[in-house]
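Worksheet for the structure shown next.
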Amino acid sequence: MSVANFTLSQNYLHQIFEYKDGYLYWKITNRNAITGNKVGSKCTKGYYKTSINNKPFLVHRLIFMMFHGYLPTYIDHIDGNQSNNCIENLREATLQQNNYNAKTRKNSKSGIKNVYWQKSTKKWGVALRTNKIYKYFGCFDDLELAELVAIEARDKYHKNFARSS
């Protein structure tokens, strides 16, 4: 099948790619691909990208479609590593669930997700968003206690999308 005339489908992806251990390899040779070569290059956010018929695609989205036959709006990397495209590490998610699984912000004063320094009380505050609602869990003198409260809150409200780091 020519890459010039394609419809993105599970079948078409299996015709042009082979999946192995989280990577795609070309099954075809053309001006942009050589049979057996690894597909894609890393872009700035750590994702792998490629193009088919001059249309850009993120490799993890192609892998998901190869296994599941559709492309969801959001795909979450369970371990938070955008370079880990093993099918076991990819799951469909909502934007909200994908955000739940985000890493701790680099500008965090506590270094702990959902824990912040509250200047007015000079204590560690714990809060998170769930279903677009801001939930506050209190202030704590002890950072370790605040961390435990944050972990329990994430486990309760973010369930299997909860991330501690």
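The values are calculated or read from the model by the stated rules, or taken from the named source; none is laboratory data. Just so it is clear, the structure is predicted and the values come from calculations on it, not from any experiment. Positions of Cβ are backbone-derived with ideal geometry, glycine not excepted, and every protein chain shown enters the neighbour counts. Accessible surface areas use protein heavy atoms only, side chains included; no ligands, DNA or RNA. Shrake-Rupley method; radii C 1.70, N 1.55, O 1.52, S 1.80 Å.
Determine which single condition Lys45 fails, assuming it passes every other condition in (1) within 12 Å of the chain's Cα centre (by Cα); (2) at pLDDT 95 or above; (3) surrounded by fewer than 18 Cβ atoms within 10 Å (Cβ to Cβ).
Of everything listed in (1) within 12 Å of the chain's Cα centre (by Cα); (2) at pLDDT 95 or above; (3) surrounded by fewer than 18 Cβ atoms within 10 Å (Cβ to Cβ), Lys45 misses just condition (2).
Take the residues of segment 120-150 that are open to solvent by 80 Å² or more (accessible area, probe 1.4 Å) and polar (S, T, N, Q): which is farthest from Arg163 (Cα to Cα)?
Within segment 120-150, the match that is farthest from Arg163 (Cα to Cα) is Ser120.
Just a yes or no: is a residue in segment 109-119 closer than 30 Å to Ile63 by Cα, open to solvent by 70 Å² or more (accessible area, probe 1.4 Å), at pLDDT below 95 and of a type outside the set (A, V, I, L, M, F, W, C)?
Looking for residues that are closer than 30 Å to Ile63 by Cα, open to solvent by 70 Å² or more (accessible area, probe 1.4 Å), at pLDDT below 95 and of a type outside the set (A, V, I, L, M, F, W, C), one finds none in segment 109-119, hence no.
What tally of residues in segment 58-82 results from selecting those that are open to solvent by less than 30 Å² (accessible area, probe 1.4 Å) and either more than 27 Å from Tyr100 (Cα to Cα) or under 17 Å from the mean Cα position of the chain (by Cα) (or both)?
Kept after step one, since they are open to solvent by less than 30 Å² (accessible area, probe 1.4 Å), are these residues of segment 58-82: 59-60, 62-66, 72, 75-77, 80.
Filter once more, keeping what is either more than 27 Å from Tyr100 (Cα to Cα) or under 17 Å from the mean Cα position of the chain (by Cα) (or both): 59-60, 62-65, 72, 75-77, 80.
The number of residues fulfilling the criteria is 11.
So which residues in segment 114-130 are in a loop (DSSP other than H, G, I, E, B) and either of a type in the set (A, V, I, L, M, F, W, C) or closer than 20 Å to Gln96 by Cβ (or both), if there are any at all?
The initial filter retains those residues of segment 114-130 that are in a loop (DSSP other than H, G, I, E, B), namely 114, 119-122.
Within segment 114-130, just Asn114 meets the criteria.
Could you check segment 20-50 and list, in sequence order, the residues that are over 21 Å from Asn84 (Cα atoms) and of a type in the set (Gly, Ala, Ser)?
Correct list: Ala33 only.
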